Structure formats: C-alpha cells, structure tokens
Amino acid sequence: MPKLNRSLHFIRETWLQLVFDRGWSGAVMLVVRWLGGGFFAGLAALTFVAVVKLMQEGEAGAVGLAMALLAFFILVTASVGCFAPDLALVVFRPVTRWIDDVLFPSEQLGAPPLNYRLARLYGREMEWEKAEAQYRQMARDYPLEVELYREWLVVSHHLGRAALESPEEIIKRARRRLSPGEAKAVEEVLFELVCGENPVNFVVLAGGEG
C-alpha cells in the first residue's frame, strides 16, 4: 500500500508539473503522444517477433514476408514520430547551449557587473515593465544566474499578457542554459505562484540592497 501511495503521488506531481510547464492542452497532447509511441513500439516489437518466426519456419512467401517487414518499419516510424519532439530537446540541448554561448556571450566579453539593485527596486515599487527590462538585459549578460530567472519569472507573472516573455518561455530559456537541478529551482517558482504563494519578496530584497 505505501508503494501504491508513493506511485500515485509521483504520478500526480508529474502531471501537475506538466500542466504548469505546458498548459492543459500541451500536457494532454504530450501524454497522448507518449502513449501512442508506446503503443506503436509494442506493436512493432510483436511484428518483429512474427517476422523472425516466419523467416525461421519459412511458411510465408516473399510477398507475405515483405508485407510483414513493411508493417514493422511503419510501426517503428510511427513510434519514433511520437517520441521525436521530446527526444530532440534532450539530444540537441548541448548544441542549443553552445549556440547561445556564441550569440549571447556572458560577462567574459565585458558585460557590466551583475547588480540586482535597480531591478529589485522596480519590483518593490511594482513597476513591472521597468523591472522586466532590467531582468531581460541581465539575462543577456549573465545567462547562468539561477536567482535572476526566479525573480524575472515573478515579474513576468505579475505582468500577465503584457509580459514580453511569459513564465513558460522563461522556464524554457532556463532549461537551455542551466543544469536540470537549477532549472527545477526556477520551475518551482511558477508552481508556488500558481498555489498563491510569494516565492520572491522584492520588499525584503530591495531593502537589503546597499
């Protein structure tokens, strides 16, 4: 029973994370796509076993064997097509990070010193548009700062549709630039915001700036 409860808890947390990351429609489409990929992969495996059996027993003619092989390749292609969009993100993540390093070089190329003071002051005064401009600039100069993404995400959440980059887009950017653990810390901010919590207190942060 404890194992079942842990499994149900894991499924629930995974589903909530998908909804926060992709929205309801995106989460449903992802689940349907992966279920479809698993279904086609299973059929492909069964077809492969049938093809091997036919070849060993020699009971099928050339046409029957060709049709079985064709069905196998079609099922494999369908399965790969279902999994490909998500696998591509994993496979090509190092490439996209390298491209970002080339197009958006960080402090090594003479960016101004990292300073949150002005952005946090704007956040404290709830001047969200000005705060957003500051965080966007800092993200271009310092794309590896976890706290930057966390605070910027809160600003974007307050702006709503007026934000130049939505919280989901900021999370995608963080996933490209940060390690999985660091990106998870950024994602948790959106989770807390949706739950009605206040993960970033600009009053306290700005008050601590000298």
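The values are calculated or read from the model by the stated rules, or taken from the named source; none is laboratory data. Only a predicted model underlies this, so the values are computations on that prediction, with no experimental measurement involved. We place every Cβ from the backbone using ideal geometry, glycine too, and count neighbours over all the protein chains shown. In case anyone asks, the SASA skips ligands and DNA or RNA and just uses the protein heavy atoms, side chains included. Shrake-Rupley method; radii C 1.70, N 1.55, O 1.52, S 1.80 Å.
Here is a yes/no grid of residues against (1) under 16 Å from L118 (Cα atoms); (2) buried (at least 19 other Cβ atoms within 10 Å of the Cβ); (3) at pLDDT 90 or above:
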{"residue": "Y149", "(1), (2), (3)": "yes, yes, yes"}
{"residue": "V154", "(1), (2), (3)": "yes, yes, yes"}
{"residue": "P167", "(1), (2), (3)": "no, yes, yes"}
{"residue": "R177", "(1), (2), (3)": "no, yes, no"}
{"residue": "G181", "(1), (2), (3)": "no, no, no"}
{"residue": "E188", "(1), (2), (3)": "no, no, yes"}
{"residue": "F191", "(1), (2), (3)": "no, no, no"}
{"residue": "G208", "(1), (2), (3)": "yes, no, no"}
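Mind listing just one residue for me: the one in segment 142-168 that is touching a Ser or Thr at 6+ places or on another chain (Cβ under 8 Å) and in a helix (DSSP H, G or I) and, of those, farthest from A206 (Cα to Cα)? Among them, the one singled out is P167. For segment 166-185, taking the residues that are among the hydrophobic types (A, V, I, L, M, F, W, C) and free of Cβ contacts under 8 Å to residues at least 60 places away in the same chain, the one that is nearest to L144 (Cα to Cα) is identified as L178.
Within segment 169-200, being of a type in the set (D, E) and not in a helix (DSSP H, G or I) holds for one residue alone: E197. Selection of segment 156-165 for residues being open to solvent by 30 Å² or more (accessible area, probe 1.4 Å) and of a type outside the set (G, A, S) yields H157, H158, R161, L164. Going through segment 115-141 one residue at a time, which ones are open to solvent by 40 Å² or more (accessible area, probe 1.4 Å), of a type outside the set (A, V, I, L, M, F, W, C) and in a helix (DSSP H, G or I)? Correct list: R117, Y122, R124, E129, K130, Q134, R136, Q137, R140.
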